[in-house]
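The values are calculated or read from the model by the stated rules, or taken from the named source; none is laboratory data. These numbers come from a predicted model, not from an experiment. Using ideal geometry, Cβ is built from the backbone for each residue, glycine included, and neighbour counts are taken over all protein chains shown.
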Amino acid sequence: MRFIGFGRLGAILFAVVAACVNAETVVLRGGSVFDSRTGIMLPDRTIVIEGERIQSISTVQTMPRIPSGARVIDARGKYIIPGLIDAHVHLVHVLDFARMTGEEILPLFLANGVTSVRDTGDQVVAEKLLANYAAAHPALAPRIFICSPFVDGKPPFHEDNGVSWGTNDPKDVPAFVEDMAAWGVTTVKLYVGTERPVGRKVIEEAHRRGLMVAGHLYKYSAQDAVEDGIDVLEHIDSVINYSFPPEAPHLPAAEEQKQMSPAELKHLDDQIEESRASLDLGNPTARALIDSIVKRKVKVDPTLVVSRNMILLADLPEVLNTPDNLLMPRRLRNFWPGYGPRMTPETLELRRRQFKKYEELTGLLFRSGVELLCGTDTPEPNVPPGFSMHQELQLLVESGLSPAAAIQAATIRNAEAVKQASNLGSIETGKLADLVILSANPLVDIRNTRKIEMVFRGGVASTPASLLKRVPLN
């Protein structure tokens, strides 16, 4: 038996990786382990990993004899959480604009303890190739759960890069969903131009094949989508936009908009933004929608970080100049400023109030019993892969979740969203050994999820420093 302290972590990393690859045994001895089922940190636990799975978890009193030849890592004074799962990423089409490919940024996820990601809309062939790459490189990449292209109206909102599949006819849906199932997607994504007949048919066909349906909604109302059985509402917008009382300002139908002058449309848009920032979330429309989401057990993925960093507050120095952004490849950083909405200083206070309303709604959803996920929408502008996961966790806590609840959203709740709770999302005997070893307790301060000393992805160990070296500078 060899006993290893964290002071020699870098020196022994390759030996640990070799042991895991050869299905030998690794022992994490004496750390505190986060139970994502209960939200409690369990002290003084020893985890035995054999190959890619957890063989046992024990206390000092119940610890079996450590197998001969095992690699023993001293985890005393450390905190072990399940591998984080990012529930909302795009690994193909956004990177296209930056002239990048997905494998170039994958180490950024692992370096931040993100051992799995759920793509939420991309070109499926490229996704599949990237998922195969990730499966073959567990020391460099998270697990990737792939999604359909955006299911949209015809013509689709994104017409130029093959990321959308558009139809206005429900009869087209069964063959499309069958094709997606054959590609191995876990999720079918509804997008802004989908109307109810198509959306309802997608939900029906996807559920027949055991697939999840997520929606970034606009024409298909949240009320209708929830009633029809959608599984996940993506972005807090997909809730707040359907929470206004009938008398609130709203955009008219497309044909009516064509009859309005640019000045009239701008005035109406300003009224809507002010209404969103000052919305009374106790109004009957909002309450009824939240009650329906709870009753139907629909999950909500707020993705607050993309609203703050890209959509609403991207002109703030603390967003633009965060140290997280400086660690991104230059191609990505150069692409970000030219993409996304343009902002003016006179609207800043309104935008701040609007984002606070997003956080208020997120907290209300949580207190009402809605299951929240933790996703980021990376690599949208100023939403850095991997690092934005810790930003989203902090925003969830700011919205009223406890640190334990935020970590549960990023682990067991996200595992449920890809139907992998039997393998991922918690540290349990028999599950895949996706673990993150922290030097400080994240239940005391959620920012401690950044204090990563080692990441295990299927029993394969890496350190943040070694992974960041694999990311291109340019």
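Annotation note: of Leu396, Leu443, the sole residue that is surrounded by fewer than 22 Cβ atoms within 10 Å (Cβ to Cβ) and farther than 24 Å from Arg53 by Cβ is Leu443.
Filtering the range 219-242 to residues that are surrounded by fewer than 22 Cβ atoms within 10 Å (Cβ to Cβ), small (Gly, Ala, Ser) and more than 23 Å from Pro155 (Cβ to Cβ) leaves only Gly229.
Whenever a residue of the range 453-470 is more than 23 Å from Gly77 (Cβ to Cβ) and of a type in the set (Val, Ile, Thr), it has no partner that is surrounded by fewer than 20 Cβ atoms within 10 Å (Cβ to Cβ) and modelled with pLDDT of 95 or more lying with C-beta atoms less than 6 angstrom away and at least six residues away or across chains.
Looking across the range 54-86 at every residue that is among the basic types (Lys, Arg) and touching a strand residue (DSSP E or B) at 6+ places or on another chain (Cβ under 6 Å), the one that is modelled with the lowest pLDDT is identified as Arg71. Inspect the range 56-68 for any residue being under 29 Å from the mean Cα position of the chain (by Cα) and not assigned by TED's automatic domain parsing to the domain that holds Leu393 and give the result as yes or no. Yes: the range 56-68 contains one or more residues that are under 29 Å from the mean Cα position of the chain (by Cα) and not assigned by TED's automatic domain parsing to the domain that holds Leu393.
So which residues in the range 167-202 are within 19 Å of Asp119 (Cβ to Cβ) and surrounded by fewer than 22 Cβ atoms within 10 Å (Cβ to Cβ), if there are any at all? Walk me through it before giving the result.
Here is the first cut: in the range 167-202, the ones within 19 Å of Asp119 (Cβ to Cβ) are 176-177, 179-192, 194, 202.
If the condition is that a residue be within 19 Å of Asp119 (Cβ to Cβ) and surrounded by fewer than 22 Cβ atoms within 10 Å (Cβ to Cβ), then Phe176, Asp179, Ala181, Ala182, Trp183, Gly184, Thr186, Val192 are the ones that fit.
Just one residue in the set Ile66, Ile47 is of a type outside the set (Gly, Ala, Ser) and in a strand (DSSP E or B); that residue is Ile47. Of the helices (runs of 4 or more DSSP H) lying entirely inside the range 274-376, the ones with 1 or more residues being modelled with pLDDT of 95 or more, in the same structural domain as Gln408 (by TED's automatic domain parsing) and over 20 Å from the mean Cα position of the chain (by Cα) are found at 284-295, 323-326, 330-335, 348-368.
Only residues that are outside any loop (DSSP other than H, G, I, E, B) and either under 30 Å from Gly199 (Cβ atoms) or acidic (Asp, Glu) (or both) were counted across the range 135-150, and they come to 7.
Answer yes or no: is there a residue in the range 412-421 that is in contact with a Pro (Cβ under 6 Å, 6 or more places away or on another chain), touching a residue at least 12 places away in the same chain (Cβ under 8 Å) and under 29 Å from Thr101 (Cβ atoms). Break it down stepwise before answering.
We begin by selecting, within the range 412-421, every residue in contact with a Pro (Cβ under 6 Å, 6 or more places away or on another chain); these are none.
The answer is no, given that none of the residues of the range 412-421 is in contact with a Pro (Cβ under 6 Å, 6 or more places away or on another chain), touching a residue at least 12 places away in the same chain (Cβ under 8 Å) and under 29 Å from Thr101 (Cβ atoms).
Specify the residue that is surrounded by the fewest Cβ atoms within 10 Å (Cβ to Cβ); the eligible residues are those in the range 79-110 that are part of a strand (DSSP E or B) and among the hydrophobic types (A, V, I, L, M, F, W, C). Talk me through it step by step, then tell me what you get.
Pass one, the range 79-110, residues part of a strand (DSSP E or B): 79-82, 84-89.
Next, from what is left, pick out any that are among the hydrophobic types (A, V, I, L, M, F, W, C): 80-81, 84-85, 87, 89.
Numbers: Ile80: 22, Ile81: 27, Leu84: 31, Ile85: 32, Ala87: 32, Val89: 31.
Looking at residues that are part of a strand (DSSP E or B) and among the hydrophobic types (A, V, I, L, M, F, W, C), I get Ile80.
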